[in-house]
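Remarks on the structure that follows.
Bear in mind that the values in this text are calculations on the coordinates, not laboratory data. Predicted model, so just to flag it, every value in this text is computed and none were measured. Heads up, the Cβs are rebuilt from the backbone with ideal geometry, glycines too, and the neighbour counts pull from every protein chain shown.
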Amino acid sequence: MRLDGKVALVTGASRGIGRAVAKALAAEGATVAINYNGSEEAAKQAAAEIEADGGKAFICQCSVADAEAVEAMIKEVIATYKRLDILVNNAGITRDNLILKMKEEEFEDVIDTNLKGVFHTSKHAARQMLRQKSGSIVNISSISGVMGNAGQTNYAASKAGVIGFTKSLARELASREIRVNAIAPGFIETEMTEKLPEAAVAAGKGQIPFGRFGKAEEVAKAVCFLASSDASYITGQVLHVDGGMGM
Ligand code: NAP
C-alpha cells in the first residue's frame, strides 16, 4: 500500500473527519496515532475498528491547546515508533456568535485550539521530520477561512490563520523535502454540522453547486493523497473539498 511503514499522527481523531482520516491512513498501511481530547471511548472504538480491519493504531490523549502536553505526546510517539512521517492537524472547535455578543473566551478558545494547536504540533513534528529529511503535514482549514462566514469571526480567523501558517511553514521546510499543505472542507456531515439550525443547513446547501454536504470519507481521501508520495511535488497548497462552494 501507499503508506506502508509510515507513522502518522492525527489530532482530533476520535470523531468526525479526524476519525475518517485515521481509518483511511491505516487502510493505506500507516501506523496511526489517534489523538483525542475528551472522547476516550470514541477514540478506543476508532482504534478497535482500525485493528479489526488489520491496521495498526493507538490512542493518545492531550489537548492540542496545551503546549507542554503536545510536546510530551509527540515525544512519546517518536520514542515508541522511532519516526513520524505524517501529521494531520485536524482538531478543531466552533464557538459561533455574532461579534457584538462574542465573549473574550469564545474567541480565545477557538484560536487556542484551531490555530495555536497547529503551531504546537507542527513545531515538534517538524523537528523529527527535519532529522528524517522527509515528512508531510496536512492542516485542516475551512471554507470559512477562505470566504468568511457571518457568526464565525473567531473560527474564520483561526482557519485563515492556518492557511497563512501552512504557506509559511511550507517555505521553511521545502529545502528538506518536507511538504506542508492545507485542506479547506466545505460543509461536511459530522457532529460539528449536526448542531446547525435547519435554516442554516438549507442556506448552506443552497450555496453548494453539488447541492449536498460532503462526507468525512471524502475529506479523508484528499488527506491521504496529500500525505502520500503521490503528492511529492505539491507544497503550500490549499485544496478545497467543498462540492464547488468556494470556486
Ligand atoms: P467534530 O466532529 O466536532 O470532531 C472534532 C474533533 O476534534 C474531535 O475528535 C475532538 O476530540 C477533537 N478536539 C477538539 N478539541 C480538541 C483539543 N483541544 N485537542 C485535541 N482534540 C480536540 O468536528 P469535525 O467536523 O470532524 O471537524 C474536524 C476538523 O475539520 C476541524 O478542524 C473543523 O474545523 C474542520 N472542518 C469541519 C467542517 C465540517 O463541516 N464538519 C468544515 C470545515 C472544516 P474529543 O471529542 O476527544 O474532544
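Taking Cα centre as origin and charging only the Cβ of basic (Lys, Arg, +1) and acidic (Asp, Glu, -1) residues, the dipole magnitude of the chain rounds to 820 debye. Here's the list of aspartates and glutamates a cross-link from LYS116 could span, going by alpha-carbon distance under 15 Å and ignoring same-chain residues fewer than 8 apart: ASP66, GLU68, GLU71, GLU105, GLU106, GLU108.
Within the same chain, lysines fewer than 8 places from LYS205 are excluded, and of the rest, those with a Cα less than 18 Å from its Cα are LYS195, LYS215.
The lysine pair tally for segment 19-101, using Cα distances under 28 Å and a gap of 8 or more places or different chains, is 9.
Packing-based ranking of 133-143, 18-28, 185-195, 168-178 yields 18-28, 133-143, 185-195, 168-178, ordered from highest to lowest mean Cβ neighbour count within 10 Å.
Please tell me the relative contact order of the chain in percent, rounded to the nearest whole number, where contacts are Cα pairs under 8 Å and at least six residues apart.
19
For the chain, the 222 nm mean residue ellipticity estimated from helices alone, with every DSSP H stretch of n ≥ 4 adding -39500 (n - 2.57) and the total spread over all residues, rounds to -14500 deg cm²/dmol.
Which of the three applies to segment 42-132, rounded, prolate or oblate, going by the alpha-carbon gyration tensor with a ≥ b ≥ c and a/c under 1.5 meaning rounded? Oblate, because a/c is 1.5 or more while a/b does not exceed b/c.
Between the Cα long axis of helix 153-173 and the first principal axis of the chain there is an angle of about 30°, rounded to the nearest 10.
Kindly rank 66-72, 125-131 from highest to lowest mean number of other beta carbons found within 10 Å of each residue.
Numbers: 66-72: 16.0, 125-131: 18.3.
Top to bottom by mean Cβ count within 10 Å: 125-131, 66-72.
Rounded to the nearest 10 degrees, the angle from helix 117-132 to the longest Cα principal axis of the chain is 30 degrees.
Angle of helix 40-52 to the longest C-alpha principal axis of the chain, folded into 0 to 90 degrees and rounded to 10: 50°.
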